[in-house]
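Reading through the structure tokens given below for one structure.
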Amino acid sequence: MHPSLALPSTDLRDEIRQRYQQARANTLSLFENLDSTFFYRQAHPDFSPMGWHLGHIGFTEGLWLLEQGAGQKPLFPDYRQLFAADGLPKAQREQLPSFTEVCDYLADIRRQIFEYLAHAPLEEQSWLWLWLIQHESQHCETITWVFHLHQRQASRQTYIAIQPTPLQEPKIRGKFSAPVSFAETIRIEGGLFRCGNDGIEALDNEKPEHLVSLETYWIDPTPVTCGDYARFIDAGGYTERQWWSAAGWAWLQDNPVTHPRYWNLAGMENHPVCGVSWFEADAYARFVGKRLPTEAEWEKAASWHPELAARQAYPWGAEDPNHQRCNFGGRQGQTTPVTQYPQGRSAYGCYDMLGNVWEWTDTWFHPYEGYVSFPYEGYSKAYFDNQHRVLKGGSWAVQAPVLRCAFRNWYYPATREHFAGFRCAYS
Ligand code: AVJ
Ligand code: FE
């Protein structure tokens, strides 16, 4: 995995510097021509203002590399309370310095970080440098959806109905609650599968690698599309109790939604559904007589190469993500049709396993046996509470450093503001 990181140490320092610069350029591009109310204001009570995320990215680098790593005194003690993750409640994060001031703060920290990089003990520390770039990448994605929430609120977009595409006959026998095409569902042979990631870039929750025993299962070649999902809506999916779990139905009564969060259908029939809670994903899967895949099932479909009998870092092999393989890095500004990237297919033939939308799985976020926290206890451990579901695969808005089959994201099942869809599986 990441063969370029196995280079001799001067090259590794250059490589890290380049990756840091690339990540920062991506981050700052999210703020170009930004409406200043978007910078300072919360778009939603659960999420911080965009400007806060920017300051927090700098603060976190300073904390781990300059304070913990280089042993320096806090550089900007006045910003600690504001930008630390455990500093202020989200509602109190609107009192921000200006964009220019935050940029100066970030640049000052970066200057010192690059001085430190010239002599930092990378032999024992490269994982921390790689952790920080993934930290920044994840906040970039949050910045992007906070931006989208603001934008949609500003333009008050509403649900527009579309014509569903004609139904195809089911090709596989079984008792299905709704007509749906199983023709292209992919069969994945059971057996022992190696899950997780012991690579240098792995976050704490990906480690250690371990064997999981899977029964033979079938998985959809693409995420569920808006066209597919429109049938669920039109068939009364949001009003019929039968498709919903008890928790899902209770959630729906408290949150009477009628379509996904990012639902604007004109011309989007072949795009993946984006902005659904886990409950909606689960209800849709029941509606078509399927279920959500477990994390291990998803990971095998994405990474296992049956002919080579080998696991791959990316669905297509070992080559780093690029724009021929998947939709990521905000380049498209939105989702793309689910079959747009044939070169990104997994060995089993699944499209869009990386990029486009995160995919909900049936698995609760839990530690693998032998889990050890880093760089701090609260990064993952605080969320091993059987209240968060695992999502896999990354969205169109994630940066390359977090795109890989083993990466694990997690949210409460009720969260639907992030760029998440799902694909279905069955046994
Ligand atoms: C893994 C995306 C849920 O954004 O809350 C960022 C990642 N943790 N800073 C989040 C994270 C600390 C986390 N998610
Ligand atoms: Fe953070």
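Working only within the stretch 25-69, note down all residues that are in a loop (DSSP other than H, G, I, E, B) and either surrounded by fewer than 20 Cβ atoms within 10 Å (Cβ to Cβ) or not hydroxyl-bearing (Ser, Thr, Tyr) (or both).
Step one: filter the stretch 25-69 for residues in a loop (DSSP other than H, G, I, E, B), giving 30-35, 41-43, 45-46, 48-49.
Of everything in the stretch 25-69, those that are in a loop (DSSP other than H, G, I, E, B) and either surrounded by fewer than 20 Cβ atoms within 10 Å (Cβ to Cβ) or not hydroxyl-bearing (Ser, Thr, Tyr) (or both) turn out to be LEU30, PHE31, GLU32, ASN33, LEU34, ASP35, ARG41, GLN42, ALA43, PRO45, ASP46, PRO49.
Quick check: anything in the stretch 125-147 outside any helix (DSSP H, G or I) and either within 12 Å of ligand 2 (Cβ to nearest atom) or over 25 Å from the mean Cα position of the chain (by Cα) (or both)? Don't jump to the end; show me each part of the working.
Narrowing the stretch 125-147 to residues outside any helix (DSSP H, G or I): none.
No, the stretch 125-147 has no match at all.
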*asked:* Condition first: within 15 Å of the chain's Cα centre (by Cα) and either more than 11 Å from ligand 1 (Cβ to nearest atom) or crowded, with 17+ Cβ neighbours inside 10 Å (or both). Can you find one or more residues in the stretch 368-376 that meet it?
replied: no
_Residue tally, condition surrounded by 12 or more Cβ atoms within 10 Å (Cβ to Cβ) and either more than 23 Å from PRO375 (Cβ to Cβ) or more than 29 Å from the chain's Cα centre (by Cα) (or both), over the stretch 73-91_ = 3
*Select from the stretch 257-282 the residues that are on the phi > 0 side of the Ramachandran plot and assigned to a helix (DSSP H, G or I) and list them in ascending order.*
none
_Here is a check on your reading of the model: is ARG311 surrounded by 18 or more Cβ atoms within 10 Å (Cβ to Cβ), over 28 Å from HIS148 (Cα atoms) and not acidic (Asp, Glu)?_
yes
_Matching residues, the stretch 240-256, being buried (at least 21 other Cβ atoms within 10 Å of the Cβ) and either in a loop (DSSP other than H, G, I, E, B) or in contact with a strand residue (DSSP E or B) (Cβ under 7 Å, 6 or more places away or on another chain) (or both)_ = TRP244
*Mind telling me which of the residues ALA91, ALA107 ends up being away from ligand 2 (no atom under 15 Å from the Cβ), out of contact with any strand residue (DSSP E or B) (no Cβ under 7 Å at 6 or more places or on another chain), without any contact (Cβ under 8 Å) to a residue 12 or more places away in the chain and hydrophobic (A, V, I, L, M, F, W, C)?*
ALA107
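No value in this document is a laboratory result; all are computed from the given coordinates. These figures come from a predicted structure and were not determined experimentally. Please note: Cβ atoms are built from the backbone with ideal geometry, for glycine as well, and neighbour counts cover all protein chains shown.
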